[in-house]
Structures are given as structure tokens and as C-alpha cells.
1. Counting only residues 5 or more places away or on other chains, whose amide H sits under 5 Å from the amide H of VAL335 once H atoms are built in the peptide plane?
2. Say the cut-off is 18 Å between C-alpha atoms; which of LYS158/LYS355; LYS75/LYS134; LYS356/LYS397; LYS60/LYS355 go over it?
3. What spacing in nm lies between the two simple spin-label points modelled at LYS277 and ALA297, each 7 Å away from Cα in the Cβ direction?
4. Using alpha carbon coordinates only, what is the Rg to Rh ratio of the stretch 81-177, with Rh defined as the Kirkwood radius?
5. Given the options TYR431, TYR512, VAL463, identify the residue whose Cα lies farthest towards the positive end of the charge dipole of the stretch 371-536 (+1 on Cβ of Lys, Arg; -1 on Cβ of Asp, Glu).
6. What is the pair-distance distribution P(r) of the chain, computed from all Cα-Cα distances in 20 Å bins starting at 0, with each bin given as a whole percent?
7. Only bridges with both residues in the chain count here: give the DSSP antiparallel percent, nearest 5.
8. Under the definition of Cα pairs under 8 Å and six or more residues apart, what whole-number percent is the relative contact order of the chain?
Amino acid sequence: MTGETVWDTKLVNIDNEVDFAAAARALAEGEVVGMPTETVYGLGCDARNPEAVAKIYKAKGRPSDNPLIVHVADKASIPELVSDITPIAQVLMDAFMPGPITVIMKKSSLIPDCVSAGLDTVGIRFPIHPVAQKLIRTAGVPVAAPSANLSGSPSPTKAEHVMQDMQGRIPYVVDGGECQVGLESTVVDATGNWPQILRPGAVTMEQMEEALHNAGMEKPEVLKQHEAQPGEAPRAPGMKYRHYAPSCEVHILGCGDFDRYEEYYKEAVEREILDGKTPVGLFLGEPIEHEVRVLFADKLDQIRFYNYGTFDNVEEASHHLFDGLRLLDEEKAAVIFAPAFPEEGLGEAYMNRLKKAASEKHEKKDVYPSFRKMLFVCTGNTCRSPLAEAIARHIWKEEPHYMMDHPQIPAEVEFTSAGAGASRGREYTRYSVEIADYEYDEDISQETSTPVSDRIMLQQDLVVCVTDDHSRYLRFKYPEMSDRIFSFKELLDDFFIPEIDGEVTDPYGYDYQVYQETAKQIEKILRAVFPEILKKWRMT
Ligand code: TXA
Ligand code: MG
């Protein structure tokens, strides 16, 4: 760092008023300060000062083409930072600020281009953390801040993480204790007439839709039919960088079926120890840690544990995820295993970060993840695709599948369904529910219709549509996924299975028997293509 300022970075205890005042002054005078928030720690500077902003990019080692979020300590400071507050932006701010949300609006001329990375928008965040509020208020400036990690490492959730990454690079880190949420804020684009999530976080789409509904706003009809328009979707520019990743391999275990995790951890640990990939790092909770300790009592020296609390508690897992990844990485784990959670509520944000930590290395190794996602699509998501989902699950359960190269790691597929023209929350048709129950022993009576959306689609490893019309439509909407979208017919063609008819008739409005024929046809197709799909994924 020759020729640059090397700081003797000071960790500020909030009870030390002199140090705190000095940190706030440094912030006001154009320096960069480590700041706690309820999500993760940030690296703050005066958002109106381009020279200060340049110091952030330098400290992080991050390219300057990624926009920064601007933090405020009261709602009154927001209007001057933006040039337009849409009705939905107003509702979101009223409902969720202060809190773990970043609302993107058109920026005002107060925001320099280096903050918005040349975009005409700016993300505004009003953290609820009292120390963040006090620091921003004392400094008296709007604070531009990215997460306070070095580019590429997990976001910091404790002051000591910031010290590890930023020692010598900035003058102050204010200690506000552990971040309560532990995952970065929900980033939501509110420039249009309906919110669009660019990064999932603790504030969920369901909560936002409820707040909007309570304010008398309903989702526009076009969106109801087609959900988000992926072609037009502005993605968070930061998504292209690899975030949150520790330096060792991270693997996701299971798919949220908590009864089976003991078995999964056991098999994963056995396998890795056998392969000499030790120490094995385990991110888990109780009672699984206890079980693993008993099972491997004589091999504990080859395992490193990070216990986040109660195993199936997604708040606790999220709160500790980044700390766990950092710590296990520091303890030189050769691989880290972390559990999958169902992708709903906070689970969506947790899985989003975990998948990023696990990405890249997974793909290259072509072995993991042992967990894949497959979506069935029809029109209304009440007859054919729910049936396909239930039948697929049934077939999958008939025999356990294991990873090809790692025969002790169980391979998991999560089957779901959605409708290209579905409205949310309609009940599945009675005959589909009954056939799933009577003939395939699958209970889908509690599930309801879901429209195809950007969020659902982009998670899938394979999307299977009931007709060519559906697959053509989805490939048109999701060109970047076209190699993962098939109709039943196209799938059979692709795997050279000409003897089976890929036509699946729509039973809607007909009797039980017609539904039964449809089910039989779907079953026949799935039984034929499954082994090929699994081979393609190198499962079994
Ligand atoms: O919880 C958080 O949001 C933390 C704390 C410190 O507030 N901050 C944070 O900042 O995570 P950062 O820079 O690590 O991530 C901000 C994300 C990036 O993916 C960025 O691309 C996106 O938000 N973003 C910011 N402004 C944007 C804009 N105007 N349009 C689209 N995406 C934006
Ligand atoms: Mg970040």
C-alpha cells in the first residue's frame, strides 16, 4: 500500500463518547468508517463527496461499477436525495422503514454518479440499528455504504469481522455488537407501479404485497398474469460479482426435509473423511451437532463445528451464516456443509446467500450439489402440473438415489409446479388432489396455484412444461434459461425415447377417469425420462 494512507484502525466502543464523536467527525470530513446496522456492517462515507466514495472502493478492493446504498437516520432526509417517490415507494417506506430494506428510487442531483455507478436511481436505506442511526445523525450527512467486507468474502456481521478485513484500510470501526438479521437488506426496485425484488432479504415480497394491499393498492393485471417481466427486469448490478464466498468449498445439504438431516450429515462426513478432505466444516444446530458428535466420537479431530442454535430455525441460521462461513474457513475446513431451508420467508434470502457461497466451485466439480430443482408448468397450475409434481415425488421416493461419484451422498430433487397463466392461491382441482392421494400416496391438498415468476424460474435446474406452447413461451421469456426448459415431448425427443407419446391432454372439466388417464400418461413419461435426467445431472 505504498503511497497510501495506512491507518491504525481504531475499534470504537459506543460507550466511549470521545472516540464515537471522532468517528462521526471523520465520517463528516470525508473518511470511511465501519458502521453497524441490523443487517450487516457497512463501510460508510459522505454520499455527496466523490473523493470519499473513491476511498470506499479502494478499501473494499471492489470495482467501482457497482452502486452504493445511501443510508439516512430519518425519513425527512429522503426527499432531497431522490427526484421521484412513486406511490409504492411511499408505502414501502411507511411500512418498513426503519428496517432491513433498501428502496430504489430515481435519484436527485445530490447523488454523484460514483454512488449510483452511472444509474439514474439510488437505493435508500434507513437502518433501525440505534448505533447506525446515532452515527449518521451525529455526522449529519447521508451515508453511502456497501457491506464492510473485502470484495469476495462474506459480509461482516460482527465488528471483529470488519477489523479482520479492514485493518489498516480505514480509521474507525464502530462496534455495535452482532448484527441481528445477519443477511443484507432486501433490495427492492420501487420505480415502477409494483415492487421488484433485486436481492431477497428479511422483508419478503409477501409482506410488501400485504402492506400495499392495506394501502389500497393491488397488483396490476398484467403482472398478475405474467408476474415479473424477466426481459425487462433490472438486476442488481452487484449480482454479477461473486459474493459471500469463503475460500473453501461450500456444499448445501438436503432440501429442507429436517427429519433426514442427521443421515445427510453422517453420510457427508463419512465420505469426506474417507476422501481425506479434512477437517470437514459443519454449519449446523442442535440436535444434529450432538448426534454427529456421538456418531464420530473417535474422529472429532477431523471435524470443525459451528453451531447456530436450533437446527430448523431459519432466523438463527441466517443470523449466524456469514460468521459460520468465516469461522470454519479460518479453521481451515477443507469443505463446509450447510443445510438447505425451504425457500419461503427469510429462507429465500438464506438460500440465496448460501447458494452464492456454494456456487462456482460446485459447477466445476460437477458432483455436488446433491440437490436439484425441477419445476412443472401448465397454464393454471391446478390440474396437470400439480399432478406431475405429485407423481414425480412419488417416483423419486420409490428408490433412494445417490450421487454418482459420491455414492454415500443422497441426491435430492425438489419438485414444484407453477402456471404460466395462473393466479395465486387457487385450489388444485379435486380430482388432481384425489389421484395424487389415492394412486400416488402424495398429499397436495394444502398446496395452491402459483404463477410462474422470475424468482421461481431462475432457481430451477429443469423446467418441464405440459405442452410445446408452454415451453416455447417460457423460452421466449427466459432466453438465458432456454437449455433448461422443455415440454414433455421435447424432453422425450431430447433423450431419444420415440416410443412414448409426449401428448398430455388437459383434463380440466372432465371426470375422474380422464384425470386418471392424464396421470398415467405423465407417469409413463416421467419413468422414461427420469433416469436420463439423473444421468445428466450425474445423480445415480
Ligand atoms: O444490508 C445492506 O443492504 C448492507 C448494509 C450495510 O446496509 N449494505 C449492502 O451493500 O449490502 P452492498 O453494496 O454490499 O450491496 C448493495 C446491493 C448491490 O447488489 C447493488 O448492486 C444493489 O444493492 N444496488 C444498490 N443500488 C442500486 C441501484 N440503484 N439499482 C440497482 N441495484 C442497486
Ligand atoms: Mg456486499
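1. Those qualifying (amide H under 5 Å, at least 5 residues apart or on another chain) are GLY281.
2. Values: LYS158/LYS355 22 Å; LYS75/LYS134 14 Å; LYS356/LYS397 29 Å; LYS60/LYS355 22 Å.
Over 18 Å apart, Cα to Cα: LYS158/LYS355; LYS356/LYS397; LYS60/LYS355.
3. It works out to 2.8 nm between the two label points.
4. On the way: Rg = 15.0 Å, Rh = 15.1 Å.
Expressed as Rg/Rh, it is 0.99.
5. VAL463
6. 21, 49, 27, 3, 0
7. On the way: 22 of 65 bridges.
DSSP beta bridges in the chain are roughly 35 percent antiparallel.
8. Details: 1141 pairs, mean separation 67.6, N = 540.
Answer for the chain is 13 percent.
Where a number appears in this text, it was derived from the coordinates with a stated rule and is not lab data. All values reported here derive from a predicted model rather than from experimental measurement. FYI the Cβ positions are ideal-geometry reconstructions off the backbone, even for glycines, and counts take in every protein chain you see.
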